[in-house]
Amino acid sequence: MIVLVLAFASKDLFISKYQYLSNMKSIQERNVSVSRAILFEIENGPHPSGNVKTKFGEVMTTSQMLNPQEVQLELTFSRNNKVFLPSTVVYNRETKQITRWE
């Protein structure tokens, strides 16, 4: 009886850890994709809108000039027909440094 209880408990623990690691992996893949799209936009200059495809998914970008020095990017990540909440980044065109990330 004790062996069965331990077997079921270890199975549940393994499944729980596997689900956690799978979830964290997808979050990291999304963060890498969004960061890569931001870097691409900063290096190549602002575009009114565009798509950046990565091996993890697709990032749709929309840029808007806030003033002559600052550009606001809105990035939306999608994968497997799921669209995630958008991220907003403001960066300085001259220094190419991010001033705000929401």
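Take Arg30 and tell me if it is closer than 20 Å to Thr99 by Cβ and of a type in the set (Lys, Arg). The answer is no for Arg30. Taking every residue in region 75-92 that is without any contact (Cβ under 8 Å) to a residue 60 or more places away in the chain and pairing it with any residue that is surrounded by fewer than 15 Cβ atoms within 10 Å (Cβ to Cβ) and among the hydroxyl-bearing types (Ser, Thr, Tyr), at least 6 positions away or on another chain, the pairs with Cβ-Cβ distances below 7 Å are Val90/Thr99; Tyr91/Thr99; Asn92/Thr99. On inspection, Glu70 does not qualify as under 18 Å from Trp101 (Cβ atoms), open to solvent by 80 Å² or more (accessible area, probe 1.4 Å) and not hydrophobic (A, V, I, L, M, F, W, C). Gln28: more than 28 Å from Asn92 (Cβ to Cβ), modelled with pLDDT of 90 or more and open to solvent by 70 Å² or more (accessible area, probe 1.4 Å), yes or no? The answer is no for Gln28.
Rundown of residues vs (1) open to solvent by less than 70 Å² (accessible area, probe 1.4 Å); (2) among the basic types (Lys, Arg); (3) free of Cβ contacts under 8 Å to residues at least 12 places away in the same chain, yes/no style:
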site	(1), (2), (3)
Ala7	yes, no, yes
Lys11	no, yes, yes
Ser16	yes, no, yes
Tyr20	no, no, yes
Met24	yes, no, yes
Ser35	yes, no, yes
Asn44	no, no, yes
Lys53	no, yes, yes
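The values are calculated or read from the model by the stated rules, or taken from the named source; none is laboratory data. From a predicted model like this one, the values you see are computed outputs, not experimental measurements. When we count neighbours, we look across all protein chains shown, and the Cβ atoms used for this are built from the backbone with ideal geometry, even at glycine. When the accessible area is computed, the model is the full protein with side chains, heavy atoms only, and any ligands, DNA or RNA have been set aside. Shrake-Rupley method; radii C 1.70, N 1.55, O 1.52, S 1.80 Å.
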